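*Asks:* Right, I'll just put the structure down here and ask away after.
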């Protein structure tokens with residue numbers, strides 16, 4: 001199963017959330033451990049772990065996040081697990097934000113980023129810093145008591161600023177990762193989730209844009225309709241996979257977002273005048 005976040009939380013009536021301008025703040029509790037879940041984050045996020053532990057599974061390593069840690073993730077696709085510790089619930093405060101929020105915060109506080117390093121995942125321990133820990137506790141109290149959203153927004157800003165102060169180089173590398181990809185954000189979201197896109201509605205759900213906005217974006221960038229753009233990108237991805245992997249035709253069909261293998265083969269042959277199998281054999 002694949003979860004699209006924050007969409008999954010927004011559709012879950014049991015998860016409380018507060019919307020503040022470009023921010024979505026969730027008070028998340030899970031009573032059961034969850035193993036190796038595929039997660040597509042279509043916004044950047046900050047995870048403040050209160051109880052339990054989380055594992056982010058990377059290709060060559062794992063990142064362990066424990067209670068007392070704060071983790072920043074750029075918009076991307078991840079595999080995650082959640083663990084219950086000492087029979088307690090898994091509890092986290094999760095704040096989702098977009099590029100605009102980062103740019104506005106940098107401008108508001110006149111923050112300049114001069115590092116050339118990029119990190120899509122950054123972990124800090126808030127418990128070990130008195131000021132940061134205090135701000136996290138106050139943010140939790142504010143969101144539990146459903147106080148003025150302006151106060152919540154200020155607390156989020158303070159957590160960002162304290163994180164930057166606590167480890168300037170590391171946190172700056174996270175912001176640098178966001179800013180370096182900002183211009184191609186919509187393209188990156190769409191192309192990294194081709195397997196989940198069947199309709200224009202799916203594009204809107206992933207990018208959090210309206211149908212009119214998506215149509216304008218794709219027309220401006222590619223001079224194509226969304227449907228034609230999607231068909232081209234699927235087939236381009238399929239040809240790369242046929243050339244560079246040993247995956248079966250069925251697996252490639254699925255990963256490129258085709259509902260059936262027969263439809264994939266039909267569309268491929270229509271475009272390239274040969275079946276996927278013939279294409280692979282003739283390379």
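*Asks:* Of 111, 94, 65, which residue is over 15 Å from the mean Cα position of the chain (by Cα), in a strand (DSSP E or B) and either assigned by TED's automatic domain parsing to the domain that holds residue 162 or closer than 18 Å to residue 164 by Cα (or both)?
*Replies:* Exactly one residue qualifies, and that residue is 65.
*Asks:* I've got another one for you. Quick one: which of 194, 235, 206, 242 is at pLDDT below 90 and surrounded by 13 or more Cβ atoms within 10 Å (Cβ to Cβ)?
*Replies:* Only one candidate qualifies: 194.
*Asks:* Looking for something under 26 Å from residue 204 (Cβ atoms) and either in contact (Cβ under 8 Å) with a residue 40 or more places away in the chain or part of a helix (DSSP H, G or I) (or both) - is there at least one such residue anywhere in region 48-59?
*Replies:* No: zero hits.
*Asks:* Residues in region 9-34 that are within 18 Å of the chain's Cα centre (by Cα) and either part of a loop (DSSP other than H, G, I, E, B) or on the phi > 0 side of the Ramachandran plot (or both): how many?
*Replies:* 2
*Asks:* Okay, moving on. Might you let me know whether region 120-128 holds any residue that is in the same structural domain as residue 21 (by TED's automatic domain parsing), over 20 Å from the mean Cα position of the chain (by Cα) and assigned to a strand (DSSP E or B)?
*Replies:* There is at least one residue in region 120-128 that is in the same structural domain as residue 21 (by TED's automatic domain parsing), over 20 Å from the mean Cα position of the chain (by Cα) and assigned to a strand (DSSP E or B).
*Asks:* If a residue counts only when it is over 24 Å from residue 11 (Cβ atoms), which helices (runs of 4 or more DSSP H) contained entirely in region 188-267 have at least 2 such residues?
*Replies:* 211-222, 226-244, 249-255
*Asks:* Among the residues of region 95-126, how many are within 22 Å of residue 142 (Cβ to Cβ), touching a strand residue (DSSP E or B) at 6+ places or on another chain (Cβ under 9 Å) and in contact (Cβ under 8 Å) with a residue 60 or more places away in the chain?
*Replies:* The qualifying residues number 7.
*Asks:* Where residues in region 69-91 are in a loop (DSSP other than H, G, I, E, B) and free of Cβ contacts under 8 Å to residues at least 60 places away in the same chain, which of them is farthest from residue 30 (Cα to Cα)?
*Replies:* Checked region 69-91; the qualifying residue farthest from residue 30 (Cα to Cα) is 86.
The values are calculated or read from the model by the stated rules, or taken from the named source; none is laboratory data. As the structure is a prediction and not an experimental result, all values here were calculated from the model. Note: ideal-geometry Cβ built from the backbone for every residue, glycine included; neighbour counts use all protein chains shown.
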